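Read through the structure below, which is laid out as structure tokens, and then see the notes.
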Amino acid sequence: MPAPLYYHPRMLAYDFGPGHPLRPDRVSRSMAMLEYYGMEPIDPGVGVRADVERVHASAYIDAVMAASKGRPVPEKYGLAQDTPAFPGMYEASLSYVAGSVRAAEAVRDGAPLAISLSGGLHHARYAEGSGFCVFNDAAVAARILRERFARVAYVDIDVHHGDGVQWIFFEDASVLTCSIHESGRTIYPGTGFLQETGADFTSWNLPIEAHTSGDIWCWAFDSGILPALRAFSPGAIVLQMGADAHFLDQLGHLRVRAQDWLHAVEGVLALGLPIVALGGGGYNLTTVPRMWTAAVLTLNGQEVPEEVPATFAEWGMPTFLDGPPISSGVGAESTERTVAVLQRRLFECRALWE
């Protein structure tokens, strides 16, 4: 039986309006494909304030509520520019958090896997919305897992650094936050560098040079992220599956194919740990639905078909995976240096993490 998959159309109300990159149909298309493959979503409910109070300041939550009703709020709360307020924003934000909460509770209570693709909004900080993210459901999920597991790992394969989750757990040595991402020198949010180490080196960043190809990206994940996860020995993992590392994504600059990205999902699965799998970034509608569908099938132990069903032909994605490798050599030397730093650091961390 497939793992629980939490979704309800009310989540599509999380919509910043026409022209904004974070389009709700990323999620609706993905869910349509998964339902085609026999996966029935579970309504997680509407979500409650107590869910987000686990990781956010009360004053910030109050500001989101006010902005949701059209009231002005101080600029410090970040509810403008790329994360603009819209009517009903508070309720819509709670709806995607609810999916991640139910998934985390399921894993906390013994499920080996639970999924919520509308979640993974990893940029929101303790008291600030940012990067299209109002509430940080990924951090909420990690906090719920900590109710059972002494150690939890957060793994982020989005093209953007998972900064919000990192900062929320920066001083918490019981949560390892791992992020492989395009370097903050060339992409938002401008963070995720090697020197951001957190408590007992439990902030584990692997920045990748722009235009790096998928073969190098895969090697970096295998050599720089997976060894840290094995050494930290968490009881469970929150996996943020942002699909914007793909070479067609308009907000990133990496040259990663769908199968390269899926290789990282397979690597996390092979660790044999309970997983809360969330969505995240991804803005190209010909890539996100097929990548998330491939990931969910893989996590459930099902084979990824070669061709996307003809039912979805109008979406312009004939196959689940991409063509031949894209190997330009860009980023190879810098990635090797970065991974070497992490490998040396791991020697120090083994004693800290025992």
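The numbers here are math on the coordinates, done by the rules we state, and not lab data. Quick caveat: nothing in here was measured; it's all calculated off a predicted structure. Glycine gets a Cβ as well: all are built from the backbone with ideal geometry, and neighbour counts include every protein chain shown.
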* To do: At 25 °C and 0.890 mPa s, grab the translational diffusion coefficient of the range 18-141 from Stokes-Einstein with a Kirkwood Rh over Cα pairs, rounded to a whole number in µm² per second.
  => 163
* Using only helices, what value at 222 nm comes out for the chain when you add -39,500 (n - 2.57) per DSSP H run of length 4 or more and divide by the total residues, to the nearest 500 deg cm²/dmol? -> -10500 deg cm²/dmol
* To do: For the chain, with a Gaussian network of springs between Cα atoms less than 10 Å apart, report the residue from His161, His20, His211 with the top mean-square fluctuation.
  => His20
* Structure fact -> Out of Tyr14, Tyr37, Tyr90, a Gaussian network model of the chain with alpha-carbon springs under 10 Å gives the largest mean-square fluctuation to Tyr37
* Residue among Pro318, Pro305, Pro18 with the largest mean-square fluctuation in a Gaussian network model of the chain, springs linking Cα atoms under 10 Å -> Pro18
* Zone of His211's modelled label, taken as backbone nitrogen in the range 233-265 under 16 Å from a point 7 Å along Cα→Cβ -> 247-248, 252-256
* Structure fact -> Simple SL model, points at 7 angstrom along Cα→Cβ for Val48 and Lys76; separation in nm is 3.0
* Structure fact -> Taking Lys and Arg as +1 and Asp and Glu as -1, residues besides Thr338 with C-beta under 15 Å from its C-beta add up to -2
* To do: Would you mind calculating the gained length between Glu336 and Leu248 on full extension (0.36 nm times residue separation, minus the Cα-Cα distance), in nm to one decimal?
  => 29.2 nm
* Kirkwood Rh over Cα pairs of the chain into Stokes-Einstein at 4 °C, 1.567 mPa s: D in µm²/s? -> 65
* Burial ranking of peptide ranges 28-36, 289-297 (average Cβ count within 10 Å, highest at the top) -> 289-297, 28-36
* Structure fact -> Given the candidates Ile237, Gly329, Gln166, the one whose Cα lies deepest towards the positive end of the charge dipole of the chain, counting +1 at each Lys or Arg C-beta and -1 at each Asp or Glu C-beta, is Gln166
* Structure fact -> Expected unfolding gain across Ala111-Ser327 under the 0.36 nm per residue rule, minus the alpha-carbon gap, is 73.9 nm
* Lys and Arg at +1, Asp and Glu at -1: add these up for the other residues within a Cβ distance under 15 Å of Phe193 and post the number. => -2
* Asked: For the range 208-279 and the range 1-60, what is the separation of their Cα centres, given in Å?
  -> 22
